[in-house]
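Worksheet for the structure shown next.
The values are calculated or read from the model by the stated rules, or taken from the named source; none is laboratory data. Predicted model only: the values in this text are computed from it and were never measured. Ideal geometry is used to build each Cβ from the backbone, glycine not excepted, and the neighbour counts take in all protein chains shown. These accessible areas exclude ligands, DNA and RNA; they are computed on the full protein's heavy atoms, side chains included. Shrake-Rupley method; radii C 1.70, N 1.55, O 1.52, S 1.80 Å.
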Amino acid sequence: MKTGLGILLASLLGFVASAQAQTEPPAKLIGYIELPNVEGWMDHLAVDVKGQRLFVPAEHQKTIEVVDLKAGKVIHTITGFDGAPRKTLYLPESNQIWVDDAVSVKYFNAETYALIKNIPFDLDKNSKMIPDNGALDPVSRLFYVTITADANSATATVKGSVEILDTKTGQHVGSIKLGGTDPAGIAFDAATPRMFVVLGDTAQVQVIDREKRTIMATWEIPGGTAPHTVAIDTAHHRLFVGARVKPGHIFKPGHMVVMDTETGKVVATLDTEGGADEIQYDAASQRVYFTGTTGHVDVFKQVDADHYQHLGKLITAADAKTSLLVPELKRFYVAVPKRNVAIPPTRDVITEDAELLIFEVP
């Protein structure tokens, strides 16, 4: 009798464990860090892995919040920005923080947090073009910054560009003119001189030779109405485009469009959260993390180069539009803005402070 009950119990436990495994989220929420002084959106984060610091650009208040990941708190606030900080970099070789603040690029001593230099752009203010997103070439250490019409892209007449800054010398060293008004995400092919820039206004990818600084090709993105962010899998020649169904943060569904980096052919299109703002690929786990602004992060498993399995969603919050995958720490950070939550049917409104969500990833 005991043996029979033991077998039954073991079977039931096995069934429950199997059911739980099927419903568990693709990453475990293990904590959060409060950002008590932050209001409004936050943008592209940067990390100091060795020093265990995260740099959080707070757009509305024009600051960078420096977070001590070990202590779990904000330890410093960098001020003095002319506009809303957007793309942030941390350079371990020089211990510097570089920030595009939608007006210019500034860089700081990451020990004292003192400003080292401001690098202006010669932009026509009447055109309403601003520096927005960007990416650091890991080999040359050149910082490529997109100049975009942003919210005015639908009516803008001036085309965007990619401006090139040398992080070794602190100089503005070049410019590449583009074919659209709203260049957004940038991805580098590690095996070639090619760089991929997505254009939100024309639903295209422009392929650039970053040695010659010329456009090599322009590819259409069927199914990617308003592309906004991009990542790359160099080994399998795949480009992951995070696209919005229309400009803005509130519209669902979005799309993850997977393209062949050799031909520009679309090999897969998958429904996602809306308001794509970050997409990150982890080669070790073969996972894609797609961060939208409609309350979740979609996580996909790369089965092979052309097929992707949806592993599930990470619960975040409305307008939690930016995130950072840090494989060295096995962590995934999501910045959640301060928000008012309405409780029906009483219509009570609860204010929740901004915070960083911390997920443990494989």
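Quick one: which strands (runs of 3 or more DSSP E) lie wholly within the range 299-362 and hold at least 1 residues that are open to solvent by 70 Å² or more (accessible area, probe 1.4 Å) and not aliphatic (A, V, I, L, M)?
Filter on the range 299-362 gives 307-318, 339-343, 348-352, 354-360.
For the range 168-202, what are the residues that are open to solvent by less than 50 Å² (accessible area, probe 1.4 Å), closer than 22 Å to Thr155 by Cβ and assigned to a loop (DSSP other than H, G, I, E, B)?
Leu178, Gly179, Gly180, Thr181, Asp182, Gly200, Thr202
For Asp209, work out the one condition from (1) under 16 Å from the mean Cα position of the chain (by Cα); (2) among the acidic types (Asp, Glu); (3) surrounded by fewer than 16 Cβ atoms within 10 Å (Cβ to Cβ) it doesn't fulfil.
Only one criterion in (1) under 16 Å from the mean Cα position of the chain (by Cα); (2) among the acidic types (Asp, Glu); (3) surrounded by fewer than 16 Cβ atoms within 10 Å (Cβ to Cβ) is unmet by Asp209, namely (1).
Looking at this structure, is Val74 within 13 Å of Val38 (Cα to Cα), at pLDDT 95 or above and of a type in the set (A, V, I, L, M, F, W, C)?
yes
Can you report the number of residues in the range 292-325 which are hydroxyl-bearing (Ser, Thr, Tyr) and free of Cβ contacts under 8 Å to residues at least 60 places away in the same chain?
Total meeting the criteria: 4.
Just checking, how many residues over the range 206-216 are touching a Lys or Arg at 6+ places or on another chain (Cβ under 9 Å) and part of a strand (DSSP E or B)?
The number of residues fulfilling the criteria is 5.
Check off (1) open to solvent by 60 Å² or more (accessible area, probe 1.4 Å); (2) assigned to a strand (DSSP E or B) for Lys252 and give me the number that stays unchecked.
Lys252 satisfies all of (1) open to solvent by 60 Å² or more (accessible area, probe 1.4 Å); (2) assigned to a strand (DSSP E or B) except (2).
Looking only at the range 69-107, which residues are assigned to a strand (DSSP E or B), of a type in the set (A, V, I, L, M, F, W, C) and either open to solvent by 30 Å² or more (accessible area, probe 1.4 Å) or free of Cβ contacts under 8 Å to residues at least 40 places away in the same chain (or both)?
Those that are assigned to a strand (DSSP E or B), of a type in the set (A, V, I, L, M, F, W, C) and either open to solvent by 30 Å² or more (accessible area, probe 1.4 Å) or free of Cβ contacts under 8 Å to residues at least 40 places away in the same chain (or both): Val74, Ile75, Ile78.
Quick one: in the range 61-107, which of the residues that are under 17 Å from Val145 (Cα atoms) and acidic (Asp, Glu) is farthest from the chain's Cα centre (by Cα)?
In this case the residue turns out to be Asp82.
Would you pick out the residues in the range 280-289 that are of a type outside the set (Val, Ile, Thr) and open to solvent by less than 10 Å² (accessible area, probe 1.4 Å)?
Tyr289, the sole residue that qualifies.
For every residue, the table says whether it meets (1) touching a Cys at 6+ places or on another chain (Cβ under 6 Å); (2) closer than 17 Å to His44 by Cα; (3) modelled with pLDDT of 95 or more; (4) surrounded by fewer than 17 Cβ atoms within 10 Å (Cβ to Cβ).
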site: Ala235; (1), (2), (3), (4): no, no, yes, yes
site: Gly242; (1), (2), (3), (4): no, yes, yes, no
site: Asp260; (1), (2), (3), (4): no, no, yes, yes
site: Thr263; (1), (2), (3), (4): no, no, yes, yes
site: Gly275; (1), (2), (3), (4): no, yes, no, no
site: Glu278; (1), (2), (3), (4): no, yes, yes, no
site: Thr291; (1), (2), (3), (4): no, yes, yes, no
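Kindly indicate whether any position in the range 20-35 is modelled with pLDDT of 95 or more, among the small types (Gly, Ala, Ser) and not in a loop (DSSP other than H, G, I, E, B).
Yes, the range 20-35 has at least one match.
Which members of the range 258-298 meet the condition of being aliphatic (A, V, I, L, M) and out of contact with any Leu (no Cβ under 8 Å at 6 or more places or on another chain)?
Passing the criteria: Val266, Val267, Ala268, Leu270, Ala276, Ile279, Ala283, Ala284, Val288.
Does Thr294 satisfy being out of contact with any Gly (no Cβ under 6 Å at 6 or more places or on another chain) and of a type outside the set (D, E, K, R)?
In short, no.
Could you check the range 115-124 and list, in sequence order, the residues that are open to solvent by 50 Å² or more (accessible area, probe 1.4 Å) and either assigned to a loop (DSSP other than H, G, I, E, B) or within 14 Å of Lys168 (Cβ to Cβ) (or both)?
Those that are open to solvent by 50 Å² or more (accessible area, probe 1.4 Å) and either assigned to a loop (DSSP other than H, G, I, E, B) or within 14 Å of Lys168 (Cβ to Cβ) (or both): Ile116, Lys117, Asp122, Leu123, Asp124.
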